[in-house]
Structures are given as C-alpha cells and as structure tokens.
Amino acid sequence: MLDTLGFRSPPLDVDLADRLDLECRRKSETVLRTGEIRWEITQGDLVGSHDARISFRVERQRWITDGRSPPIRVQCPPYLTVEGSVHKLLAGHNCYGGPTDLRACGAWLVRLIEDAFECSLPPIECWELRRIDWAEVWDLKSYQACEEFMRGLVHTEFPRRKKLTYGLETIFFPGHTTTNKIYHKGPEFSKHDRKRLLKLDRDNVVRLQSEANNLIRAEVGIKAEKLDYDFGRAVTVCDINQDYLIGIFITEITRIIRESKQTMKRVRTAREVQARLHQKYSTREASVLFGSWLQLSSLGENALKKSLPRSTFYRHRKMLQDAGCSWHSSDVVLRRSTLIPTDFALTLDSPYRVVSIDPKVAAALAPHMPNCA
C-alpha cells in the first residue's frame, strides 16, 4: 500500500506562484464541532514518514548536473513541490488499510490543494513523481510476538549500508536511492499518532492502538535518484505500476531478511532446521550447514562471515535460504517460544499479511480512479 508521496509540478504562472507562496505559511482545515484538524499544510520539511502534515513549497530554482561535475542550483520558472502521507491524510492513521492506486492518490492530493487555495493546477499526469513509499503489514496476533520478532532482527545486516536501530522496535536502513524500515507498529503509533487522534475519537484510538500492537510493518521509500536511474527521464504516475513498486519492495526487504522467496514452509528451531537440512542435503553437507546456521542464529552474519572464506559464506547462506531455514528469532537466540508462528515470514504470500483497504480511503479515491490515458 502507498504511504508518503512526493510530486513536482510543471512550471506555473508567476502570479499564481506568488499568491501561493504568500498564502502558504501554514494552512489547515479544522472541523469546528470536534476541533479535528483534517489536514495541515506547511512550508517546512516533514519530520519523517510518521508526519501527518503536507509539505508544500513554491520553488524557483532547480538542481542540474552534466553527470561529471557536482550539481548546481539555477534559476527556473516557478513550480510546486508537494509531499505527504496520503494514507494518513485519508484514514487519519497508517496502521493498515492504505491506498494502492498511485494516480488516484496524486489526483486527490492535487484536488485538496486546489480546494485549499481556490486555484486551478495542472492535472496529476503532468506532475513529476519524486518519492514513493510502499508499505506492507503483517498481523502476529500479539504484542509479545512482535517484540520477539523485532528482537530477533538485531543481527540483520545490509550490504554497504549503515543500520540504525531504535530500541527493540525499529530497524532502519537509510540509503541514497531507497530507504528501508521494519518496525513494530504499536510503539510507533503510540508515540506519533495516539495523542493527536485521542482528541478526536478516544474509543476508536483505543481500538487502533490494540490492533497496532499486533502488527509488524515494513516500508521501502523509493527516492528520486532511483526513479531517474530506472527510467532515464522524469517519471509521472502513468509510468509507475504496482508490479514495479512491489518488485522493488520484495527485492529490498529480501536483502534484509535473507529468507527464501519460495513457498516451502520455513523452519527456525534447531530440531526442525537439522531435520530439514538432512532431508534436503547429504549427511556431510547437512552437518556443515547446521554449524553455520547455529552461528548465524547466535552471533549473526558478520561473525559467520569472519569465520569462513567469502565464497563459502555466501554458498552456505544461499543453501540455508533454499532449504527454507530461517536464523531470525530461532530457539538458539530465544528460549523455545510458541509466540512466533514457525511459518511466519515477511513475504507477500504470507497468511499473516494484512491486505484490506479502509472503506474511508476507497470512498475518498473513488472519484479519481479512471486509468491514465
């Protein structure tokens, strides 16, 4: 499902650009009866993917480069940059139930800005796409299971990227072309959304918090550099389909989790792994691979990489993946627990994946659903 999106408009009329720049110091729409802030537009940067506001700017400079020298900023006709979480703007939260149609999201966002400033803007098909966040959610049925799963990711590594962790709830990999994040939704919702939403509907927020406590969420943020490289030109909503977004998501998350994409039931306890390896490989190979699995489970990938030749490390890791053997949250790291289902994995064919779309989101986007011409 789609979350934060970023767009760049075509060149605007100078008078319109001046008016928008003057009016947009901070603009919002509030329901007087309840005090609910339906949306808020700011000229500042968004704090993060959890920010529920819309970033809106009139720009008069662009970065250009010839590919050989560093980029420089040059004067250009005025244009708009707009960025925000369409999921949060439509549903009030982004726990689950987000939109999937990129063009409809962009058209809805442009219409919101037109209504807010009483102006007419170019249709969304003419805007450049500069950022797309795609997210997936899995329901582990309990807060404790989510805690265990996130604790089991402390040994996760990502080639050529620095890993950042926030307590036992979030693992984050910033990058130049994409950013990847896996986190326990419950604590994140409590920190960033609960207080804001409590003013509106206490009973509904209590329910949302209870549901978020059971969710693991993974996000892949696709940056402008990735879009420019993949397409070799400016990208619009008509260039992007869901297969492209899901393909990048699968590639990025698989690189983190290091688990096989095949449908074989995954095993993660010592007895199950040992039996699976002896079932799939020779006695000698199974014994050697089981030793590598034990070290991966207890010490992590870096420790095993240091103890084996490079080619052997990658061969062992691939053979374990091919056999459906997971070393995350195994009973070598944690005492035997039934909290995490043995077949759980961050895959799109998982029975634990949450795929429903919020009726409120579907209704809001319905008028914008026609396909690109």
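Just so it is clear, none of the values below were taken in a lab; they were calculated from the coordinates. Keep in mind the model is a prediction, meaning the values are calculated, not measured. Ideal geometry is used to build each Cβ from the backbone, glycine not excepted, and the neighbour counts take in all protein chains shown.
Please arrange T236, T165 by how many other C-beta atoms lie within 10 Å of their C-beta, fewest to most.
Starting with the residue having the fewest Cβ neighbours, the order is T165, T236.
For H278 and L308 in one chain, what is 0.36 nm times their gap in residues minus the Cα-Cα distance, to one decimal in nm?
On the way: separation 30, 0.36 × 30 = 10.80 nm, distance 2.15 nm.
Stretched fully, the H278-L308 segment lengthens by 8.7 nm.
As a footprinting exposure proxy, order R207, R217, R284, R276 by other Cβ within 10 Å, with the fewest listed first.
Result, fewest neighbours first: R284, R207, R276, R217.
Need one number: nm distance between label points at C76 and M369, each 7 Å from Cα along Cα→Cβ, rounded to one decimal.
That separation, rounded to one decimal, is 3.5 nm.
Taking R0 as 41 Å, what FRET efficiency do you get between K360 and R68 from their Cβ-Cβ distance, rounded to the nearest 0.05?
For R0 = 41 Å, the calculated efficiency reads 0.25.
What is the fewest-to-most order of C76, C146, C238 by other Cβ atoms lying within 10 Å of their Cβ?
Neighbour counts put them in this order, fewest first: C76, C238, C146.
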